[in-house]
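J.: Please see the structure below; I have some questions.
The values are calculated or read from the model by the stated rules, or taken from the named source; none is laboratory data. The structure presented is a predicted model; accordingly, all values stated were derived computationally and were not measured. Glycine gets a Cβ as well: all are built from the backbone with ideal geometry, and neighbour counts include every protein chain shown. The protein model used for the area step is the full one, side chains on, heavy atoms only, and it has no ligands, DNA or RNA in it. Shrake-Rupley method; radii C 1.70, N 1.55, O 1.52, S 1.80 Å.
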Amino acid sequence: MKTSTWLRIAALASAASLAGAVDAAQAAVIDISSLSGTGVTVSLGAGTYTLKPVGVTRGGAYDAWNPWSAVGGCDAAGAHCSMGWNVSFAMDLGGGAGFNYGHNGGNVDTAAKALAAWQAGPNAFAPLAQASNPAAYSPLVGPIVFTLAAAQDVRFFIIDYPYGDNTGGVSLDLAQQVSSGVPEPSAWALMIAGFGLVGASVRGRRHRLNAA
């Protein structure tokens with residue numbers, strides 16, 4: 001392969017690595033009360049976002065919510081309760097699109113334990129239109145990441161009925177990923193390799209000119 005071809009590959013790879021370097025910016029905590037199905041609507045610009053539940057220790061108003069405002073039927077560890085606390089919430093992207101998210105382990109006896117259970121996993125999600133169908137849920141692998149092709153409103157809310165007997169809510173950390181402008185280590189390696197190829201090319205050309 002010619003040196004010029006190698007240089008083009010190195011330049012393209014470096015550019016791709018630089019474009020892929022992201023930082024979480026424009027972060028905000030969204031507090032969703034379980035006492036209403038209205039939720040919180042946020043106007044978001046085009047881009048890629050990450051979403052995760054956080055608790056009161058991270059600036060949120062809630063750790064979890066309880067559909068009964070009561071706890072009962074738990075095992076000795078305070079888990080698998082027939083009534084208790086959980087972390088579940090929905091995201092409405094408009095036009096019938098969206099998802100409902102929840103923890104696979106069921107209800108637990110405290111709000112803090114419910115948040116810890118979400119953070120430990122396993123969690124699951126289902127299309128918003130099938131939120132009431134247990135068979136529609138799939139394992140949630142990794143963080144919640146979604147991309148908007150254009151600016152739009154996104155609604156975050158809790159699915160339940162009735163709402164009047166609920167307690168608590170869900171606090172979500174929403175962050176947009178933006179280009180950091182700082183190269184990743186792999187990008188630095190590619191650029192250094194590219195510089196070396198440039199130097200080798202120049203030295204080889206100078207040698208050929210002297211020989212002539």
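J.: Return the sequence-ordered ³J(HN,Hα) values of region 122-130 in whole Hz as given by the Karplus equation 6.51 cos²θ - 1.76 cosθ + 1.60 applied to θ = phi - 60°, using x for Gly and Pro.
T.: Residue by residue, region 122-130 yields x, 10, 8, 8, 9, x, 4, 5, 10 Hz.
J.: Less than 15 Å from a label point 7 Å out along the Cα-to-Cβ axis of Ser138: which backbone N atoms in region 86-107 qualify, by residue?
T.: Once the point is set 7 Å along Cα→Cβ of Ser138, 98-102 turn out to lie under 15 Å by backbone N, inside region 86-107.
J.: Still on this structure, I have one more. Per residue, how large is the accessible surface of region 77-126? Use a 1.4 angstrom probe and give square angstrom.
T.: Per residue, region 77-126 has 39 Å² of solvent-accessible surface.
J.: What residues qualify as long-range amide H neighbours of Asn107, i.e. H under 5 Å apart, gap of 5 or more or another chain, H built at 1.01 Å from N?
T.: His80, Cys81
J.: Now a separate question. From the phi of every residue in region 101-113, what ³J(HN,Hα) in whole Hz does the Karplus formula 6.51 cos²θ - 1.76 cosθ + 1.60 yield, where θ is phi - 60° and glycine or proline is x?
T.: Once rounded to whole Hz, the list reads 10, x, 8, 6, x, x, 7, 10, 8, 9, 5, 4, 5.
J.: How much length is gained if the chain between Val56 and Ala97 is pulled fully straight, taking 0.36 nm per residue apart and subtracting their Cα-Cα distance, in nm to one decimal?
T.: So the chain would gain 11.8 nm between Val56 and Ala97.
J.: Same structure again: Go through 50-57, 68-75 and give me the packing order, highest mean Cβ count within 10 Å leading.
T.: With the highest mean Cβ count within 10 Å placed first, the list reads 50-57, 68-75.
J.: Let me ask you something else. Quick one: with all protein chains in place, what share of the accessible area of region 22-175 is carbon or sulfur, to the nearest percent (1.4 Å probe)?
T.: 57
J.: Separate question: What does the accessible area of Ser33 come to, in Å² to the nearest 10, when a probe of 1.4 Å is used?
T.: 40
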